[in-house]
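The values are calculated or read from the model by the stated rules, or taken from the named source; none is laboratory data. Worth saying up front: this structure is predicted, and the values here are computed from it rather than measured. Cβ coordinates were reconstructed from backbone atoms using ideal geometry, including for glycine residues, and neighbour counts include every protein chain displayed. The protein model used for the area step is the full one, side chains on, heavy atoms only, and it has no ligands, DNA or RNA in it. Shrake-Rupley method; radii C 1.70, N 1.55, O 1.52, S 1.80 Å.
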Amino acid sequence: DRLIEVWQGYRGSSEADGAPRSIPGLESRRYCLPHLDQGLHFGLIASSDHQSSHGAFAGAWAEEITRAGIFEALYQRRTFASTAKMSLWAEWNGYPMGVSSSTDPGPGVFSLEVDGFGRDLSKVVLVVDGKEHAERAVTGTVVTVTFDVAIPANEERFAYARVVFADGELGWTSPIRLGPPKVWTGPDGS
């Protein structure tokens, strides 16, 4: 319940209808984005199976490389999904990817660090509340990108980034969900 497969190597992307490399013919209710829009909160991972030769990687930012450390990172949703080997990290006002929390309303900065491990990057798309909020063209194999994303005073808001490589490979951060204390209900109590 805390993680969802946004990319499956054999089928494609279940991010959203019309998103890059989305699964053709998938019912709209089976994509990830409608469930985030409804207030659910989960981390994003990718995986493959024996029928696929396509890349699928689940990244987890663990504090220690032990079984317990990796499971703690998965439980806290400090995860990313990708179709190629890469490193991806995101924060919004200092809250790391995967967090759902209350915070004071006001200005905000969503920051993203990408290392393509030698693969050329093309663009970064910031998705906020289910819509493509901003897009940045990027070059090189290692980038840091920031976007201005305010914390609203009267509602919750979620944001995540989609990374697109020059060769069409993809990566996704886990969403971050923030809201003001007076309306905060939290999708899962953490």
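A few remarks follow.
Yes/no matrix, rows are residues, columns are (1) of a type in the set (S, T, N, Q); (2) modelled with pLDDT of 95 or more:
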{"residue": "GLU5", "(1), (2)": "no, no"}
{"residue": "LEU44", "(1), (2)": "no, yes"}
{"residue": "GLN51", "(1), (2)": "yes, no"}
{"residue": "GLY55", "(1), (2)": "no, no"}
{"residue": "GLY59", "(1), (2)": "no, yes"}
{"residue": "ALA62", "(1), (2)": "no, yes"}
{"residue": "ALA68", "(1), (2)": "no, yes"}
{"residue": "ARG78", "(1), (2)": "no, yes"}
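- Flag for PHE110 being of a type in the set (Phe, Trp, Tyr), surrounded by fewer than 19 Cβ atoms within 10 Å (Cβ to Cβ) and in contact (Cβ under 8 Å) with a residue 12 or more places away in the chain: no
- For segment 137-155, filtering for residues that are open to solvent by 50 Å² or more (accessible area, probe 1.4 Å) and either within 16 Å of the chain's Cα centre (by Cα) or aromatic (Phe, Trp, Tyr) (or both) leaves 2.
- Residue within segment 155-170 that is modelled with pLDDT of 95 or more and in contact with a helix residue (DSSP H, G or I) (Cβ under 6 Å, 6 or more places away or on another chain) present: yes
- Scanning segment 1-59 for residues that are within 17 Å of PRO175 (Cα to Cα), open to solvent by 20 Å² or more (accessible area, probe 1.4 Å) and of a type in the set (Val, Ile, Thr) yields ILE4, ILE45.
- Number of residues in segment 60-90 that are charged (D, E, K, R), under 22 Å from GLU15 (Cα atoms) and open to solvent by 60 Å² or more (accessible area, probe 1.4 Å): the value is 1.
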